[in-house]
1. Taking 0.36 nm per intervening residue step and subtracting the Cα-Cα distance, what contour gain separates Cys34 from Arg139 on full extension?
2. Which percent of Cα-Cα pairs in segment 91-144 sits in each 5 Å bin, short to long?
3. Longer than 25 Å from Cα to Cα, which of Lys15/Lys94; Lys15/Lys67; Lys85/Lys123; Lys85/Lys118; Lys94/Lys123 are they? Say none if no pair is.
Amino acid sequence: MTSIEISVTQADVGKALANLKLPGVGALSQSTICRFESLTLSHNNMIALKPILQAWLEEAEAQAKNKRRDPDAPSVLPTGEKKRKRTSIAAPEKRSLEAYFAVQPRPSGEKIAAIAEKLDLKKNVVRVWFCNQRQKQKRIVSSVTPSMTGHGSTGFGY
């Protein structure tokens, strides 16, 4: 048997199982897939899941083989959805977004729509960019000030 890299997460596998439309099988949790991989499920659960996961694996490997034969075919996730191309924002638009962010890191929906229209970007791209910037700021702040409140205390807030 040849090995094929299909690059999916445990959560993707769980969702994809629901798309197989096997009787009595819905989506499985990431935890269940993880426990199957680490062989920590009960014996009966392992026996019940093996043929289901085998069916999914065969379908996923067939899709991966087809993708290697026709690399221009649209990418399809194991859940049946098409994979969206990563958005790349050009430097001038990025500088504009950064300027908007400096003034207002939490713009309203109308403001996001206006920015998107002005920069000729999709509204969702702008919205996600702002969300990502806020998360980035949060990471920067937390790495600079790991625990300013905990110096000399018991850690319980007393």
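1. The span from Cys34 to Arg139 would gain 35.0 nm if fully extended.
2. 4, 21, 31, 25, 10, 5, 3, 0
3. Lys15/Lys94
Bear in mind these aren't lab numbers, they're just calculated from the coordinates by the rules spelled out. If you're wondering where the values come from, they're calculated on a predicted model, not measured in any experiment.
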